[in-house]
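Asker: Submitted below is the structure of interest, expressed as structure tokens.
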Amino acid sequence: MSDLQSRVTAARVAVDEVVETSVACAARWSVPAAPHKWSPAQVAEHVARSLEEAALDMTGQRSKLPNLPAPLRFVARKLLFERVLARNAFPRAKTNRAMNPESGPVSPAAAGVRLEAAWRTFAEACRTRSAGSSLAASRTFGAVPLADYVRFQEIHTRHHRAQMTRA
């Protein structure tokens with residue numbers, strides 16, 4: 001199995017874990033864990049949006065992720081992308097407004113449908129991109145190895161799954 005395939009498989013497992021965790025959060029689905037924090041529904045929506053927007057970003061298309069000028073892409077790659085990969089963890093940070101959900105799917109079952117659709121979009125973009133290049137053409141980070149870009153999304157998904165488990 002190629003490195004890209006193993007990364008795609010790991011990212012898929014992370015999405016499946018978010019779906020499973022959604023079911024476990026049913027009793028408090030729309031209730032934020034604390035003031036100014038997201039509910040499990042909002043977390044699920046953020047993960048789905050992230051996968052969809054990453055699918056656009058990896059192919060160099062306009063997405064809701066930051067479109068940085070080339071010199072800042074280098075900075076973002078060094079300070080965020082490579083740091084996340086090296087530490088296998090996301091730092092505490094705020095997302096941009098477009099990725100900040102006001103609400104989320106109405107139920108864990110709806111979240112499963114939403115996340116599955118987002119996953120299909122992301123996986124198809126991975127297949128399409130890998131057919132022509134081993135690099136993701138990110139408008140946020142610049143050209144980065146596609147397998148690393150997928151791993152970044154896996155780490156991001158696991159980061160938010162952990163948020164869902166906090167009461």
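Asker: For E17 and A110 in the same chain, what is the full-extension length gain: residue separation times 0.36 nm, less their Cα-Cα distance, in nm? Display every interim value, and only then the final one.
Answerer: Numbers: separation 93, 0.36 × 93 = 33.48 nm, distance 1.51 nm.
Roughly 32.0 nm would be gained on extension.
Asker: For region 54-97, restrict the atom set to alpha-carbon positions and state the Rg and Dmax in Å.
Answerer: When restricted to the Cα atoms of region 54-97, Rg and Dmax are 11.3, 28 Å.
Asker: What is the gain in length, in nm to one decimal, between Q163 and A98 on full extension, counting 0.36 nm per residue of separation less the C-alpha to C-alpha distance? Don't jump to the answer; show the numbers that get you there.
Answerer: Numbers: separation 65, 0.36 × 65 = 23.40 nm, distance 1.95 nm.
Using 0.36 nm per residue and subtracting the Cα-Cα distance, I get 21.4 nm.
Asker: While we're here: For region 1-129, I need the span (max minus min coordinate) of the C-alpha atoms along each principal axis, in Å, sorted largest to smallest.
Answerer: 44, 36, 28
Asker: How much of F152 can a 1.4 Å solvent probe reach, expressed as accessible area in Å² and rounded to 10?
Answerer: Approximately 10 Å² of F152 is accessible to the 1.4 Å probe.
Asker: Between region 103-117 and region 1-73, what is the separation of their alpha carbon centroids in Å?
Answerer: Distance between centres, Cα-based: 12 Å.
Asker: Would you calculate, for the chain, the mean residue ellipticity at 222 nm contributed by helices, counting each DSSP H stretch of 4 or more residues as -39,500 (n - 2.57) and dividing by all residues, to the nearest 500? Display every interim value, and only then the final one.
Answerer: On the way: 6 runs with 99 residues, N = 167.
Computed mean residue ellipticity for the chain: -20000 deg cm²/dmol.
Asker: Of A125, A110, F81, whose Cα points farthest to the positive end of the dipole of region 65-140 (charges on the beta-carbon: +1 Lys, Arg; -1 Asp, Glu; origin at the Cα centre)?
Answerer: Checking the options against the dipole of region 65-140, the answer is F81.
Asker: Restricting attention to region 40-137, which GluC sites (Glu not before Pro) occupy a DSSP loop and are surrounded by at most 12 other Cβ atoms within 10 Å?
Answerer: Values: sites: E45, E52, E53, E82, E102, E116, E124; in loops: E102.
Counting only loop positions with at most 12 other Cβ atoms within 10 Å, the GluC sites (Glu not before Pro) in region 40-137 are E102.
Asker: Same structure, new question: With each label point set 7 Å from Cα along the Cα-Cβ vector, what nm distance links L72 and V31?
Answerer: 4.0
Asker: Same structure, new question: Carbon and sulfur together cover what percent of the accessible area of the chain at a 1.4 Å probe radius?
Answerer: Roughly 56 percent of what the probe reaches on the chain is carbon or sulfur.
Asker: Ok, one more. If you roll a 1.4 Å probe over the heavy atoms of the protein chains, what accessible area per residue do you get for region 1-85, in Å²?
Answerer: Details: 4360 Å² over 85 residues.
Heavy-atom SASA per residue in region 1-85 reads 51 Å².
Asker: Another one. Take the alpha carbon gyration tensor of region 66-125, find the square roots of its eigenvalues, order them as a ≥ b ≥ c, and report rounded if a/c is under 1.5; if not, report prolate when a/b exceeds b/c, else oblate.
Answerer: Details: a/c = 2.04, a/b = 1.92, b/c = 1.06.
Here region 66-125 falls in the prolate category.
Asker: Please check which bits of region 152-167 a label hung off R83 would reach, taking the label as a point 7 Å along Cα-to-C-beta and the cut-off as backbone N under 19 Å.
Answerer: Counting only backbone N, you get 152-160.
Asker: Relative to the longest principal axis of the C-alpha atoms of the chain, give the angle of the C-alpha long axis of helix 3-24, reported between 0 and 90° and rounded to the nearest 10°.
Answerer: Approximately 10 degrees, to the nearest 10.
Asker: I've got another one for you. Using only alpha-carbon positions, what ratio does the radius of gyration of region 89-167 give when scaled by 2.2 N^0.38 Å?
Answerer: Values: Rg = 14.5 Å, N = 79, 2.2 N^0.38 = 11.6 Å.
Relative to the 2.2 N^0.38 Å estimate, region 89-167 comes out at 1.25.
Asker: Moving on. If one takes the longest principal axis of the Cα atoms in the chain, at what angle in degrees, from 0 to 90 and to the nearest 10, does the Cα axis of helix 40-58 lie?
Answerer: The angle comes out near 10 degrees.
Asker: Sort R139, R166, R62 from largest to smallest accessible area, using a 1.4 Å probe on the heavy atoms of the protein chains.
Answerer: Values: R139 50, R166 135, R62 175 Å².
So, going from the largest accessible area down, we get R62, R166, R139.
The values are calculated or read from the model by the stated rules, or taken from the named source; none is laboratory data. Keep in mind that this is a model prediction, so the values were computed, not measured. Quick reminder, even Gly has a Cβ in these numbers, built from the backbone with ideal geometry, and neighbours come from all protein chains shown. Note: areas computed on protein heavy atoms with side chains; ligands, DNA, RNA excluded. Shrake-Rupley method; radii C 1.70, N 1.55, O 1.52, S 1.80 Å.
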